[in-house]
Each structure stands twice: as C-alpha cells, then as structure tokens.
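Novice: One structure, as structure tokens, below. Some questions next.
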Amino acid sequence: MERDSLPTDSHARLKPISEQQRYIVLDILRGFALCGILFMNIEWFNRPMADFGDLDSSQRGWHHSADWLVSFAVEGKFYTLFALLFGMGFAIMWRQARHKGNQAVAWFIRRLVVLFVFGLLHLSLLWSGDILNTYALGGFMLIGLVLAYERGNLQAFNHTAAQLKLAMLWLLIPVALTVVVGAVVSARQDQQDIQSHWQYQQTLDARAQLLISGAKALPIDTASTDLSELQALEQAAAEVADEHQQNLSTSMAEQLVLTTGSFWQATQHRLTYIPLALGMSLALCLFVIVPLFLIGYALVRGEIIQQYQHYLAYWRVLTLAGLGLGSSLAVPALLLASHPAAQIDPWLNFTAQGMNYLSQYLMSVGYLGGMLWLLCQAKWLARLSGLAAMGRMALSLYLMQSLMLSLIFFGYGLGWYGQIDRAWQLLMAVVILLLQYGFSRWWLKHFHFGPLEWVWRCLTYMAWQPFRR
C-alpha cells in the first residue's frame, strides 16, 4: 500500500526525525554494510589506487585465499547495499518533508551539498577512494527523478512497481549487454584465430619487456605507412612498453608519496586525483548508483521496508536466489578474469567483468534478503541490534576508519604501507570494527548523534541541534 496523501504545511519548519521515529532495521543494515565496506577498503590503503580493481598477484598461501575471499564475498557488494539504504533513507526523509513544498527541495539540496563537501575533504585529506561525493551527486539526480515522478512527465508511472521495473532495467541491461556482446564476439573466434592471437601477444609482451629492461629499439620509419611485419611488431611493443612504464610510474609515484611523504605532500597528491575521481563518480552515478537509489526509494514508498516482517517468504527467496545465483556467477567470473587468456583477449575480459558486476548485484540482494530474513525473527533482531549504533554513526565511523588506516599505513603515520599482507589486513579490520562497535554504543549513551552526523544536521537545518544527552 502506498501513502502519498500527507497534510501540507509549507510554513512549518523542518525538523530532524526523533529517535522514536527511526527504523532500527535500517540502522542495523547500515551498520552491517559499514563492516563490509571496511573489509574492501583496507586493501587500498596498502596498495596504489592506480591498481584499483586488480587482484593482487603478489599474495601467496593464506593471503591469496583471503584476497580471493574478499573479491568473492565483499568487493562491490556492500557499496551496492549502502546505495540501496541511501535510497531508503531518502524516501523516509522525503515523506517527512515533502508536505513542506519547496522548503523540502531546498533542505535536501543543503543536505547533499554538505555531504559532497564531506566527500571532498575526505578525498583530499585522508584517502583517494571516497564514495561520499558519488552518493551526493547521485542524490541530486534522484531529487530530479522524484520530482519528475511527482510533478513532471513521469506522473503516470509514479507507483512502486513501475519504479522498480525502471530501476532494474536501468541497472541490468548494460551488464547483460556487456556479457552477451563479449561472449558472442569471443565465441566467433575459432581455435586457429585464438592460437594465432595468443602467440602474437606472447611475442609482443616479451619484446615489450625487453624494451622496458633497456634493450635497444629497432629503427622504424614512423612516417611510413608500409611497415614490415617485424617493424609493426616493434612499433606495437614500444607502445605497450610506454603504456606499462606510464602505469608503473603512476603507481610508483603514489607509493613514494604515501610511504615517505609528509601529510601535505600526500594531500597534494590526492588533490591531483580529484578531477579523475569526480569523473568516475559521475559515470558510476549514471549507470549504477541512481538506479540503486531508486530501488531503495521504491521499497520504502511501497511500505515494503516499513512492514518487512510481512514479507518473510519473500526475503527467504531473495536470500537463496541472490546468494545462489550470485555465487555461481562470481566464481567463474573471477576465474575467467584472472586467467591469462582474459589478459590477451579483451572481449573475454569484457565478459568476465560483466559476469562479475551481475554477481555483485545478485549477492547484494542476497545479503539484504538474508539480513531482513533474520531480522523478522525476534531472537536475531535482539542479537543484531548492537549494529544499530554503528548504523546511526555510519558517516563518523566511515571517516574514522579512513583516519585510522591512513595513520597506520601512510608515511606520516606508522608507515606500514605495502607491508601488511591480505590475511593480516582482514584481522586488522576485525579489530577496528570491534573497537567501533563498542565506541558507538558508548558514544550514543552520552550524545544524540555521532560527531559528524551532528555537524551535518546543524548545517542542513541551519540551526543548532541538541548534542549531549
């Protein structure tokens, strides 16, 4: 059942929702997602962001297993879950504020501007992998979409079923096309083509490595359009060597500044990364974040999350289907992406990446369904309720994680950058989360909000909010 007929009072001042009005299930889910975010992020405080997304081939034994476990069970799943929760939170606050008229739009814009500033400060001062500015940009797009549903050309489709269909098509069609196109193009290559391409690529890589190690390049007339086979190979090898050296030099420069540089030098390096980060954020919003926001928004608008206990069978199906199908896609996708053939055949790699993205969405749905399935049971609701404190302080704890890890790994702190193998990183993440679990519960006994949540509310509402209990 959808409820949109709320009383209108455009003169009443917007106020934060009270603690009694909060949905504990969303706070628990937010705390759960925060844990997964740390297990993924910690690796990229210990490795160059220039290598982001690549499996760490240097890991061996248990460390390799730990790296694989994170790629399988964590990577890409928890920022997806956070995006769904962001859309749900938006819908709850929008419902509270929408009867204020234009005041609600201005309020949300202020809220997102503050979040964007937090993201830029995080990106500049702590870590280049910030996601807050991405959520802020996606939030602006979601406001426009919701206004189009309520007041614009999409009013005929302003119901939960239509919004869910649009969001899922928006999310899945690009991924499905990636998998299909990659698989079809790869399948059209016969055995002889693949073997010939493999041999050529092996020869090309070998020659590129010789050039990188200092071998003298063969003379090539670059102005000529009629190169011999050997000259064409030499030219291609030189291009591969140049690209490899540029990538290596980018990674080495980042490692150098993060291992030996001062805080100011590291900040200067992060500032140079901002244009690229914002461009990637915009692309991520258009193809991933906004449809995920819309799914979360629709689940709340249709009263599904508020009445989640009534959908126990639905959550059970989502859990089994999401985790079953997602894991059955994730394993072959990771095996294919790490196979040497995928490094040679770009279309094969294209297919592997598409399968991996699809598995991430499915497993995120499985995690959401599994948590809601457990929370429908009183004993599990009681056991997991401690995560709610972490969820209520998610912004503060997220930035606290970055502060702690930057002081552990970077040169202006303990300087352990590149020295902690994968399994030890996961153990470190467990310790940090246990500390944050206890800290958040203690903090909220003495204060109404986390420190940054309080600042966020004060700036959003343009009024001092109660802080100490």
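The values are calculated or read from the model by the stated rules, or taken from the named source; none is laboratory data. Remember, predicted model here, so these are calculated numbers, not experimental data. When we count neighbours, we look across all protein chains shown, and the Cβ atoms used for this are built from the backbone with ideal geometry, even at glycine. For the accessible areas, the whole protein counts, side chains as well, though only heavy atoms, and no ligand, DNA or RNA atoms are used. Shrake-Rupley method; radii C 1.70, N 1.55, O 1.52, S 1.80 Å.
Novice: Find the relative contact order for segment 285-438 and round it to a whole percent, using C-alpha pairs within less than 8 Å whose residues are 6+ positions apart.
Specialist: Details: 110 pairs, mean separation 30.9, N = 154.
Once normalised by length, the contact order is 20 percent.
Novice: So, with a 1.4 angstrom probe, what is the percent of accessible area on the chain that is carbon and sulfur? Numbers along the way, then the final one.
Specialist: Numbers: 15080 of 23060 Å².
Result for the chain: 65 percent of the exposed heavy-atom area is carbon or sulfur.
Novice: Hey, rough spin-label estimate for SER228 and TRP464, points 7 angstrom out along Cα→Cβ, what's it come to in nanometres?
Specialist: 8.3 nm
Novice: Rounded to whole Hz and in sequence order, give me ³J(HN,Hα) for segment 205-214 from the Karplus expression 6.51 cos²θ - 1.76 cosθ + 1.60, θ = phi - 60°, writing x for Gly and Pro.
Specialist: Karplus-based 3J(HN,Hα) across segment 205-214 equals 5, 4, 5, 4, 5, 5, 5, 5, 7, x Hz.
Novice: Can you give the net charge of the other residues whose Cβ lies under 11 Å from the Cβ of GLN255, counting K and R as +1 and D and E as -1? Working shown, then result.
Specialist: Details: positive: ARG47; negative: ASP51, GLU254.
Residues close to GLN255 contribute a combined charge of -1.
Novice: Which of rounded, prolate or oblate describes segment 306-421 when judged by the alpha-carbon gyration tensor and an a/c cut-off of 1.5?
Specialist: On the way: a/c = 3.26, a/b = 1.10, b/c = 2.95.
Because a/c hits 1.5 or more and a/b fails to exceed b/c, segment 306-421 counts as oblate.
Novice: Suppose R0 equals 51 Å. What FRET efficiency, 1/(1 + (r/R0)^6) with r the Cβ-Cβ distance, do ALA236 and ALA148 give to the nearest 0.05?
Specialist: Working: r = 49 Å, r/R0 = 0.96.
That pair, ALA236 with ALA148, gives E of 0.55.
Novice: Rounded to the nearest whole Å², what accessible area per residue is found for segment 248-305 with the 1.4 Å probe? Don't jump to the answer; show the numbers that get you there.
Specialist: Details: 2480 Å² over 58 residues.
So segment 248-305 comes to 43 Å² accessible per residue, rounded to a whole number.
Novice: What net charge is computed for the residues neighbouring GLY139, neighbours being all others with C-beta under 13 Å from the C-beta of GLY139, Lys and Arg scored +1, Asp and Glu -1?
Specialist: Numbers: positive: ARG110, ARG111; negative: none.
Taking every other residue near GLY139 into account, the sum is +2.
Novice: Rounded to the nearest whole Å², what accessible area per residue is found for segment 27-86 with the 1.4 Å probe? Before the final figure, lay out each step's value.
Specialist: Numbers: 2040 Å² over 60 residues.
It amounts to 34 Å² per residue over segment 27-86.
Novice: Using the beta-carbon distance between LEU276 and LYS379 and R0 = 45 Å, what value does 1/(1 + (r/R0)^6) give for FRET efficiency, to the nearest 0.05?
Specialist: 0.40
Novice: Let me ask something additional. Per residue, how much accessible area does segment 329-421 show when a 1.4 Å probe rolls over the protein heavy atoms, in square angstrom? Walk me through the numbers on the way to the answer.
Specialist: Working: 3640 Å² over 93 residues.
Per-residue value: 39 Å².
Novice: Whole-Hz Karplus ³J(HN,Hα) for segment 163-180, in order, using 6.51 cos²θ - 1.76 cosθ + 1.60 and θ = phi - 60°, x for Gly and Pro?
Specialist: 5, 5, 4, 4, 5, 6, 5, 4, 7, 8, 4, x, 5, 4, 4, 4, 5, 5
Novice: Ranked highest first by the average count of other Cβ atoms within 10 Å around their residues, in what order do 76-86, 114-124 fall?
Specialist: Values: 76-86: 23.5, 114-124: 19.2.
Ranking the peptides 76-86, 114-124 by packing returns 76-86, 114-124.
Novice: Enumerate by residue number the chymotrypsin sites (Phe, Trp or Tyr not before Pro) in segment 125-154 meeting two conditions: DSSP loop (anything except H, G, I, E, B), and at most 11 other Cβ atoms within 10 Å of the site's Cβ. Walk me through the numbers before you get to the answer.
Specialist: Working: sites: TRP127, TYR135, PHE140, TYR149; in loops: TRP127.
Passing both the DSSP loop test and the Cβ count: no residue.
Novice: Right, next: List the residues, sorted by chain then number, that are 5 or more residues from PHE447 or on another chain and whose placed amide H is less than 5 Å from its amide H.
Specialist: ARG469
Novice: Quick one: Karplus J couplings for segment 144-160, per residue in order, coefficients 6.51, -1.76, 1.60, θ = phi - 60°, nearest Hz, x for Gly and Pro?
Specialist: Along segment 144-160, the couplings run x, 5, 5, 5, 5, 5, 8, 10, x, 6, 9, 4, 5, 9, 7, 8, 4 Hz.
Novice: Could I ask something else about it? Between VAL113 and SER57, what is the label-point separation in nm under the 7 Å Cα-to-beta-carbon projection?
Specialist: In this crude label model, SER57 to VAL113 measures out at 4.8 nm.
Novice: Please work out the FRET efficiency for the pair HIS269 and VAL105, using the Cβ-Cβ distance as r and a Förster radius of 60 Å; give the result to the nearest 0.05.
Specialist: Values: r = 37 Å, r/R0 = 0.62.
Between HIS269 and VAL105 the formula returns 0.95.
Novice: Going by a ≥ b ≥ c, the root eigenvalues of the Cα gyration tensor, does segment 361-469 fall in the rounded group (a/c under 1.5), the prolate group (a/b larger than b/c) or the oblate group? Don't skip to the end; give the middle numbers.
Specialist: Numbers: a/c = 1.96, a/b = 1.10, b/c = 1.79.
Since a/c reaches 1.5 but b/c is at least a/b, the shape of segment 361-469 is classed as oblate.
Novice: Any idea how far apart ALA313 and LEU69 come out in nm if each label point goes 7 Å out from Cα toward Cβ?
Specialist: 3.7 nm
Novice: Could you tell me the relative contact order of the chain? Use alpha-carbon pairs under 8 Å, at least six residues apart, and round to a whole percent.
Specialist: This gives 31 percent for the chain.
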